[in-house]
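Okay, so here's the structure we're looking at.
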Amino acid sequence: MNPTDAELIANQTARVRRYFNVFPRDFFFLGRIAEGETSIVFSVVERSDNPNIRKPRHFVVKRSWREEVSHIEDDIKLDNEIEVVQRMRGAPHIAQPVHLNPNALNKLSRPYLVVEFVENGTLKEFYDRVIGEEMPLPNRVLRGFFFCPYPDRKIPEYPPFTPEQPLPLEEIPDEDDGGNYPRAQWVHGNMTMDNIYDAEDPEKKDIGVKTNIYDIGRIMRILMTLDDEWDPAPGDVTVEIDGVQRTFATAAASLHPASEWPNLDPDLITIVLCCQAVDVDNRPSLEQLMHALNQQAAIKNDTWYRKQKFPTWRTERTKDINLMINELIYYP
């Protein structure tokens, strides 16, 4: 009788736990936190009493859980994923691979991926902290959020949840009476090589499709206005773009006119107005969007905002931005 999927997952969990228990002074196995169609993810932390470690690292281990022989393609996929993650080491927005020394997994017969555990919460939690602190975001921070969804010019889809639903967090769930850990249901689901695009350049160069441009415009509108209405009624606006007056309908009409938002950069407002334009032809392409943002980022520092007499120019200083980011994101 063939083992069930649950039994295979339990076997792999026990196997990884056993290997980490070989080094009880260095690692503490926290348990299984998620599993997908082909892989399972565990949480491990380095013990704080190790004199060679200044600060304990919290990391996750991913490995295939199906039978070695019948599902060897799973291991091949994970090997490829490990190679990709190693090549992207140091890149922004990417969980960093972790090097273990001593390595509790070096005798395992199957490949495994070890990456850092990142727990900064969700964008909704960040928004709530900003509201709670009554702290409007500096333009340089807002511009940074614009850049965040576009590493390597790829546009992520918004998670499949409505705005009213709480997003599941990447955390270790409590065990039940039997000592079993339920599935964590991570937002990103089962990360496999099938989700990585690796091919020739497509004929259509604008990978940032206009629907995703609209979505990031929505997020930026919410962060700029601190009003989380998801789909406000569109309104007509008239703005100057490349020296030409243009009138169009946009869901970000609450940002117009810019004079009503003295702390916000009018050029940044114009970008958001265009991103949320009702007519897709009025939305920028990804190339146009990145060009405009790069131009702004190159010249608009705190000195620029001070000379333009922005009332909140002091919040644009790098030291103040670092303090804000620490308080709202890294160490809330």
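Since every read-out is calculated from the coordinates, none of them should be taken as a lab result. Note that the structure is predicted; figures quoted are calculated from it, not measured. Heads up, the Cβs are rebuilt from the backbone with ideal geometry, glycines too, and the neighbour counts pull from every protein chain shown.
Between ILE131 and SER259, the distance separating the two model label sites (each 7 Å from Cα on the Cα→Cβ line) works out to 3.1 nm. Highest mean packing first, where packing is the average number of other Cβ atoms within 10 Å per residue, the peptides 79-86, 307-314, 276-283 line up as 276-283, 79-86, 307-314.
Within 12 Å, Cβ to Cβ, of ASP320, how many net charges do the neighbouring residues add up to if Lys/Arg are +1 and Asp/Glu are -1? My count for the surroundings of ASP320 gives +1. Taking each residue as 0.36 nm, the span from THR247 to GLN288 lengthens on full extension beyond its C-alpha to C-alpha distance by 12.9 nm.
Summarising the label geometry, the points placed 7 Å from Cα in the beta-carbon direction at MET88 and LEU108 lie 2.0 nm from one another.
Apply 1/(1 + (r/R0)^6) to the Cβ-Cβ distance of VAL280 and GLU240, taking R0 = 22 Å, and write down the FRET efficiency to the nearest 0.05. After rounding, the FRET efficiency stands at 0.55.
Given R0 = 25 Å, the distance between the Cβ atoms of GLN308 and ASP228 translates into a calculated FRET efficiency of 0.30.
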